[in-house]
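Asker: Structure below; questions to follow.
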Amino acid sequence: MADAHMRLAVEGAVASVTIARPEKLNAFDIDMLKALAAICGEVEAMTDVRAVVLTGEGRAFSAGGDIKAWGAMQANEFGHAWVRFGHRVFERLATLRMPVIAALNGHALGGGLELAAAADFRIAEQHIRIGLPETGLGMIPGWSGTQRLVRRFGAQIVRRMV
C-alpha cells in the first residue's frame, strides 16, 4: 500500500524507510500505519535486504499519533482501529527477520518513541528530545510503549518519562 507520507527506498542490501510528513512532525494517521505495515511485508519479501533504516523527514523522527486522526473516534473505534492496529503494526516491524535501525534524526515523542523502541538499534543525534507526553493528555502509551520501552531502557527511565 503506497502512502505519500511513507517512503521506501532500497539500495543494495539496505532498505530505507522514511516517515515523510514533516509539516505534522511525522505524526501518524491510520493510512500511514497501513503503509508501514505494507512496507514491512514488502521488505520481508526482499531476499537481498539485510538491514532496514527507519528515519523521519524534517526536524522530528516522529511525534507519534496525530491527535486529529484519532481525536474524534468513539472509544470502541479508538481501541480497535487505532490502538490495537498500531500495536500490531509496530510488532510487525519489531519482528522483521532483518535488523531495524532507528536513526533518530529529530524528536521522538509518544508513539514516535514507541516506534523507535520497536527497532533493534537506535542511533540518536544529540539535540533530539524523547518523551511520552501521553500522560499530559490523560492517557497511556497505546502502541506497546510501556512494555517495549521498559525492556529496552529499564523501568526507572520509563517511569521518569511517564
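The values are calculated or read from the model by the stated rules, or taken from the named source; none is laboratory data. What you see is a predicted model, and the numbers here were worked out from it, not measured in a lab. Using ideal geometry, Cβ is built from the backbone for each residue, glycine included, and neighbour counts are taken over all protein chains shown. Heads up: the accessible areas ignore ligands, DNA and RNA and are worked out on the full protein's heavy atoms, side chains in. Shrake-Rupley method; radii C 1.70, N 1.55, O 1.52, S 1.80 Å.
Asker: If I model a spin label at Ile30 and Arg84 as a point 7 Å from the Cα along the Cα→Cβ vector, what separation in nanometres do I get?
Answerer: 1.4
Asker: So, one more: Full-extension gain between Gln74 and Glu23, please, as 0.36 nm times their residue separation minus the C-alpha to C-alpha distance.
Answerer: This chain segment gains 15.7 nm when fully extended.
Asker: Under a point spin-label approximation (7 Å from Cα along Cα-to-Cβ), what is the Ala4-Arg59 distance to one decimal in nm?
Answerer: Going from the Ala4 label point to the Arg59 one covers 2.3 nm.
Asker: For a quick check of understanding: with a 1.4 angstrom probe and all protein chains in place, what accessible area in square angstrom does Met6 have, to the nearest ten?
Answerer: About 10 Å², ignoring ligands and nucleic acids.
Asker: Would you tally the net charge around Gly12, using a Cβ to Cβ cut-off of less than 13 Å, leaving Gly12 out, and scoring K and R as +1, D and E as -1?
Answerer: On the way: positive: Arg50; negative: Glu11, Asp48.
For residues surrounding Gly12, the net value is -1.
Asker: Oh, and also: Could you tally the net charge around Asn105, taking each other residue with its Cβ under 12 Å from the Cβ of Asn105, Lys/Arg +1 and Asp/Glu -1?
Answerer: 0
Asker: What nm value, rounded to one decimal, do you get for the distance between Ile123 and Asp48 when each label is placed 7 Å out toward the C-beta?
Answerer: With each label placed 7 Å out from Cα toward Cβ, I get 2.2 nm.
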